[in-house]
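All of the numbers you see were taken from the coordinates with simple rules; none came from a lab. Computed from a prediction, not measured in an experiment: that's the story for all the values here. Note that we place each Cβ from the backbone using ideal geometry, even for glycine, and neighbour counts take in every protein chain shown.
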Amino acid sequence: MELAKVWPDDITFLGVLKACSHAGLADEALDYFDRMQKDYKVEASADHYSCLVDALSRAGKLYEAYNVIKEMTVKPTAKTWGALLGACRTYGEVELAEIAGRALFEIEPSNAANYVLLAKIYASVGRYEEAERMRMEMKERGVKVAPGSSWI
């Protein structure tokens with residue numbers, strides 16, 4: 001696009017950031033995010049931040065992703081915190097998982113997946129009391145897991 005003198009817009013950068021995320025190119029995602037704002041004057045939306053946090057999280061740069069969330073110019077969404085929480089499970093990072101989980105409980109108090117994921121993270125490191133506490137918190141808040149189903 002640059003060689004063809006085509007000016008990228010916010011949607012273009014969403015595609016680029018998502019591609020970086022799925023290709024494991026965290027450093028490139030940071031570079032494009034920076035260039036998006038400085039060179040192309042595209043204002044970062046919550047979706048742009050979510051893609052950047054996802055790219056960093058998938059690459060194991062969890063604290064860097066958390067710093068991006070703390071410095072966001074827009075309010076973090078469930079997608080943003082969910083990207084961090086999911087990667088915390090992959091990398092066994094309990095401290096950040098608790099932060100992300102609590103943020104998700106405020107944004108989506110009735111989403112059972114957030115409670116279940118945090119409980120699984122606790123259980124994976126042998127913290128069974130905390131895992132059970134998550135299940136009790138779900139029960140107290142009236143959050144129920146939808147039963148699985150299949151069309152097959």
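Data for the structure
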read-out	value
Gyration tensor verdict on segment 76-152 (Cα atoms; rounded if a/c is under 1.5, prolate if a/b is larger than b/c, oblate otherwise)	rounded
The chain, dipole about Cα centre (Lys/Arg Cβ +1, Asp/Glu Cβ -1), debye to the nearest 20	460
Simple spin-label estimate for Ser124 and Glu140 in nanometres, 7 Å along Cα-Cβ	2.5
Distance-filtered residues of segment 76-94 - backbone nitrogen under 15 Å, label point 7 angstrom along Arg133 Cα→Cβ	94
Full-extension gain in nm, Ala19 to Glu43, via 0.36 nm per residue minus C-alpha separation	6.7 nm
Acute angle (nearest 10 degrees) that the helix 94-107 long axis makes with the longest principal axis of the chain, alpha-carbon atoms	90
Candidates Ala112, Ala26, Ala97: whichever shows maximal mean-square fluctuation once the chain is modelled as a Gaussian network with Cα springs under 10 Å	Ala112
Crossing angle, helix 128-141 versus the chain [Cα axis fit, 0-90 degrees, rounded to tens]	90
